[in-house]
Amino acid sequence: MKNNKTEYSLRFLSEYLDAELIGDSQKIIKGIAPIDTANESQLSFIHNPKYIKYLKETKAGAVLLSKKHADSSTTNCIVVEDPYLAYARLTNLFVEKKIKPTISDKAVIGNNCNISKINVDISANVVIGDNVTIEENVTIKSSVTIGNNVTIKSGTLINSNTSIYDNVQVGSNCIIHSGVVLGADGFGFAKRKDGSWSKIHQLGSVCIGNDVEIGANTTIDCGALLDTIINDGVKLDNQIQIGHNVEIGKNTIMAGCSAVAGSTKIGANCAIGGFSVIAGHISICDNVMITGGSGVANTINEPGIYSSGASGVVPNSIWRKNVVRYKSLDQMFKRLKKLESQMEEFTTTDNKELENAS
Amino acid sequence: MKNNKTEYSLRFLSEYLDAELIGDSQKIIKGIAPIDTANESQLSFIHNPKYIKYLKETKAGAVLLSKKHADSSTTNCIVVEDPYLAYARLTNLFVEKKIKPTISDKAVIGNNCNISKINVDISANVVIGDNVTIEENVTIKSSVTIGNNVTIKSGTLINSNTSIYDNVQVGSNCIIHSGVVLGADGFGFAKRKDGSWSKIHQLGSVCIGNDVEIGANTTIDCGALLDTIINDGVKLDNQIQIGHNVEIGKNTIMAGCSAVAGSTKIGANCAIGGFSVIAGHISICDNVMITGGSGVANTINEPGIYSSGASGVVPNSIWRKNVVRYKSLDQMFKRLKKLESQMEEFTTTDNKELENAS
Amino acid sequence: MKNNKTEYSLRFLSEYLDAELIGDSQKIIKGIAPIDTANESQLSFIHNPKYIKYLKETKAGAVLLSKKHADSSTTNCIVVEDPYLAYARLTNLFVEKKIKPTISDKAVIGNNCNISKINVDISANVVIGDNVTIEENVTIKSSVTIGNNVTIKSGTLINSNTSIYDNVQVGSNCIIHSGVVLGADGFGFAKRKDGSWSKIHQLGSVCIGNDVEIGANTTIDCGALLDTIINDGVKLDNQIQIGHNVEIGKNTIMAGCSAVAGSTKIGANCAIGGFSVIAGHISICDNVMITGGSGVANTINEPGIYSSGASGVVPNSIWRKNVVRYKSLDQMFKRLKKLESQMEEFTTTDNKELENAS
């Protein structure tokens, strides 16, 4: 657990949220905790209805909740329209901040770089190439490698051991987690007659908008000729793979271990569940939700919730038989269809027989 | 292949295993090899029954085997209860050891750190934050980044280019492979009215027990409020993703490329096959085996072997038809059910007709 | 986008390709672009038939195309047998080259290393162990860690933050992207009676042939006793996991996020689609194509195209019902079979009745 020395009065917190406070405004809050484990110096929140039952017995010093639950509270409460969003905003007060930005003398910085004098923090063993622009309030943690001609805009945080290839552009207020690789070569080869592969050097780059978060060990390849584009507000979880020339629309969110193959375009405000794979050269329109573990093989033109796959475990002994049947599902369908037509014919014949007999 | 100068007499090896030796106790063994390729200075073992046939022709200098196979051996043998476990133990003798632990003058170590004087090995370009505790016999390879307030307990090995965020705790005798990221932010955002996302700063951390092994490029996120917990003896393969607030029970083993979404609890002594995905906010009890490539969508309360998915390839021409049928499997079921009731009705009707006709 | 100062006349480009030029041989080309966006100083190409329609309106300064499309071109054209392969070859002219190879004084190099004097480029914060051989024209970018007894052959490029464990061998003219881990321990443990796991130290290594490309954050484990082998000309995309003792045959290509479990042998000239998982201890013969998202559970002995899985999304409301049916697919099959035999019997009975009645 993080040890944080920060503390705030309930008055301060309710004013920060511009929200109604019911209870002791002098009460001091030192952290945030789940409602069933919070102690009297911690604040909690009610988002998921299944936690409402804890309202009567919680030891929390205060609870964020919506108006309809305020009467059920036995402790101090801050009444907000959206308790989950209010909780998100308050976490900002309890996160540790960098204290004294410095540029380490163990960082290696190339020629012709333009590094802001305002609050830039560059740790030891960062290696920065030539012609790089680093704007104000940027933090770069140790052992990050930044290639030539890269731009990192204001307020962005790049965690340790990340690799950024030449020519990549990263917008403002982004968070790039450790182990991320931006701008490695897209996967492109042309087959020679002898079966070996001729490399298609990837001449595009990666362009990342503002307010983008990229999870640990995620990889985003540079474009073949044009750029791979991640638009403003996109949130990518860990271990995601984005192929060359993909474009991801504004505020789209994608959970861990998903992959998007080359040249696919995903719209704005989409939500892609974890462990999903999206084929190359297709497009997904705005406002599409793909549930986790899905394989998207074709273009989606209508907003909505889509799914594929055969998830949901059963005992292995049953599953082994189902897998065998799945392999001949089309044959099964044909046998069903044949039965249907036999039944049809049979009913007709039989009726005729009956008619004849009558 | 590794070049190892180590060598042992069969007497030494049998004593190390506290096992019966049949044959030449002075025989020198310089390595371990599969039974079909081992030479006279190498030891082999019989674990998989399909290799028993090689016992008569092997050139191995000695073989580890169980009592029932001892008579079939034509070479020296060490008789043990569990040859595979004995083989595992012997590999410990043939692995290269660090020779002379040193703390590189090219390592960067923060303020108020507590670094043991006993056998700690820290390579060049390691960057360690403030208030870090490193116990005895710890090895940290090059370009590892360790944040503030981290504890690494005795005997643990951290390979190169690993990133450990602030406040993470790693137990004793763990092995962390290269490219691992421990404690990056869990994936949490609350939606604003305009469709953009408000970050939920992750205030918990990661707590890893003793004897845990974590494979290359695996990522374990810090908790939202409480910690993500990996208990003693857990073994995680490469490229696994563990979401925030997951807990994994003692001695559970998980193969490569699997993913566990947030807040899920996996019990002790489970075995999760590779490329499996486990949904968030569920629990899996102790002693569950999930076969590879499965998607676990719901809580599992009974020990046993579970599976899902439609793995097992068929020619593409057949598969394409099966996929189409799968998309309307429920309709297929309904058609089947209708046929059944028609058949039922028909049989009844027909019997009545027959009765009437007779 | 990359800013490249390179430019060539069409005469030079056609001679480089040994191809017929139709049009202005003095025309200067400064880059390559898609046919629908290329400007007059850029060259484009026609590979995918759906782009032929742009031939009449393209603003490209020149187009690579095959003889059959030459008449449709309204701009300069270079006529080649395989425009995609010719495009691949030309990208080589437009990629940025390293200018002045140097060995950084911030690189750490171990004892008894054999580092070529010819065009070797080693960046800051590279850490190289003892007894390492680096041949001519090798480039190693920053924060790469190379263990002891490693060999890197001529012309190979290793990008930043890559980890190469002891004893690994990398061939000539390979490209290893950032975050790759070569030679981490294979996943091997033997169970003790108390349920804990005894580590099987992995005594083999990784051997990589010539002309191999390995994508960002891909991991290739060392062998248990013998080596894991990647043969000449293999191309691996990002975030692929290769287990211990796998062997991948010449010129086989594997797309992103695929995984191959231990001891499996994949033949030459195979193409494995992205997000595929291949079980351990099986083999796949030469010239097999596996489509993306497949799970290969058994040995494949015949060349061809194979697939598995239930990809292809449908609306979630339909999918949820299909998933339920899939879980009892074998029961569904049995009900179908029963209906078939009822129908069979019924038809026979009915015919008898009819015969009797006639």
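Each reported figure results from applying straightforward, stated rules to the coordinates on display, with no laboratory input. Bear in mind that the values here come from a model prediction, so they are computed numbers and not experimental data. Cβ: placed from backbone, ideal geometry, glycine included. Neighbour counts: every protein chain shown.
When the strands (runs of 3 or more DSSP E) confined to the stretch C:1-94 are screened for residues that are of a type in the set (A, V, I, L, M) and under 22 Å from A:Leu203 (Cα atoms), those reaching at least 1 such residues are found at C:42-45, C:62-65, C:76-79. The number of residues in the stretch A:154-178 that are in contact (Cβ under 8 Å) with a residue 40 or more places away in the chain and more than 21 Å from the chain's Cα centre (by Cα) comes to 2. Taking the stretch A:230-248 as the range and being surrounded by 22 or more Cβ atoms within 10 Å (Cβ to Cβ) and under 26 Å from C:Asp36 (Cα atoms) as the test, the residues that pass are A:Ile230, A:Ile242, A:Gly243, A:His244, A:Asn245, A:Val246, A:Ile248.
Collect the residues in the stretch B:23-44 that are touching a residue at least 40 places away in the same chain (Cβ under 8 Å), facing chain C (nearest Cβ under 10 Å) and either farther than 13 Å from C:Leu225 by Cβ or buried (at least 22 other Cβ atoms within 10 Å of the Cβ) (or both), keeping them in residue-number order. Within the stretch B:23-44, B:Ile32 is the sole residue that qualifies. Looking at the stretch B:308-329 only, could you name the residues that are within 7 Å of chain C (Cβ to nearest Cβ) and either buried (at least 24 other Cβ atoms within 10 Å of the Cβ) or assigned to a loop (DSSP other than H, G, I, E, B) (or both)? B:Gly309, B:Ala310, B:Ser311, B:Gly312, B:Val313, B:Trp319, B:Tyr326, B:Leu329 - these are the residues of the stretch B:308-329 that are within 7 Å of chain C (Cβ to nearest Cβ) and either buried (at least 24 other Cβ atoms within 10 Å of the Cβ) or assigned to a loop (DSSP other than H, G, I, E, B) (or both). Considering each of B:Ala268, B:Ala261 in turn, give the residue that is without any contact (Cβ under 8 Å) to a residue 40 or more places away in the chain and surrounded by fewer than 24 Cβ atoms within 10 Å (Cβ to Cβ). Just a single option satisfies the conditions, and that option is B:Ala268. All conditions in (1) more than 7 Å from every other protein chain (Cβ to nearest Cβ); (2) in contact (Cβ under 8 Å) with a residue 12 or more places away in the chain; (3) over 27 Å from C:Ser142 (Cα atoms) hold for C:Gly186, with the sole exception of (3). Per this entry, A:Ile146 is counted among residues that are without any contact (Cβ under 8 Å) to a residue 24 or more places away in the chain and either in contact with a Pro (Cβ under 9 Å, 6 or more places away or on another chain) or among the hydrophobic types (A, V, I, L, M, F, W, C) (or both). From the list B:Val181, B:Val212, the one residue that fits, being among the hydrophobic types (A, V, I, L, M, F, W, C) and more than 30 Å from A:Asn251 (Cβ to Cβ), is B:Val212.
The number of residues in the stretch C:256-304 being under 25 Å from A:Val260 (Cα atoms), of a type outside the set (A, V, I, L, M, F, W, C) and touching a strand residue (DSSP E or B) at 6+ places or on another chain (Cβ under 8 Å) comes to 10.
Given the conditions (1) buried (at least 16 other Cβ atoms within 10 Å of the Cβ); (2) part of a helix (DSSP H, G or I), and given that B:Thr347 satisfies all but one, which numbered condition is not satisfied? Here B:Thr347 clears every test but (1). Selection over the stretch C:181-194 of residues that are of a type in the set (D, E, K, R) and not in a loop (DSSP other than H, G, I, E, B) gives a count of 1. Could you please let me know if B:Ile240 is within 10 Å of another protein chain (Cβ to nearest Cβ) and hydrophobic (A, V, I, L, M, F, W, C)? Judged against the criteria, B:Ile240 is a match. Report yes if some residue within the stretch A:157-171 is touching an Asp or Glu at 6+ places or on another chain (Cβ under 6 Å) and more than 8 Å from every other protein chain (Cβ to nearest Cβ); otherwise report no. The answer is no, given that none of the residues of the stretch A:157-171 is touching an Asp or Glu at 6+ places or on another chain (Cβ under 6 Å) and more than 8 Å from every other protein chain (Cβ to nearest Cβ). The set of residues from the stretch B:94-139 being within 14 Å of chain A (Cβ to nearest Cβ) and without any contact (Cβ under 8 Å) to a residue 12 or more places away in the chain comprises just one member, B:Asp105. Taking the criterion of being more than 18 Å from C:Ser307 (Cβ to Cβ), facing chain C (nearest Cβ under 9 Å) and surrounded by fewer than 21 Cβ atoms within 10 Å (Cβ to Cβ), would at least one residue in the stretch B:283-301 satisfy it? The answer is yes; a qualifying residue exists. Restricting B:Gly309, B:Gly243 to those that are under 28 Å from C:Lys199 (Cβ atoms) and not hydrophobic (A, V, I, L, M, F, W, C) reduces the list to B:Gly243. For the stretch A:180-204, a residue qualifies if it is surrounded by fewer than 24 Cβ atoms within 10 Å (Cβ to Cβ), in contact with a Gly (Cβ under 9 Å, 6 or more places away or on another chain) and polar (S, T, N, Q), and exactly one does: A:Ser196. Take A:Gly292 and decide whether it is out of contact with any Asp or Glu (no Cβ under 8 Å at 6 or more places or on another chain), on the phi < 0 side of the Ramachandran plot, part of a loop (DSSP other than H, G, I, E, B) and in contact (Cβ under 8 Å) with a residue 24 or more places away in the chain. So A:Gly292 passes the test. Within the stretch A:45-75, restricting attention to residues that are out of contact with any helix residue (DSSP H, G or I) (no Cβ under 7 Å at 6 or more places or on another chain) and among the polar types (S, T, N, Q), the residue that is surrounded by the most Cβ atoms within 10 Å (Cβ to Cβ) is A:Thr58.
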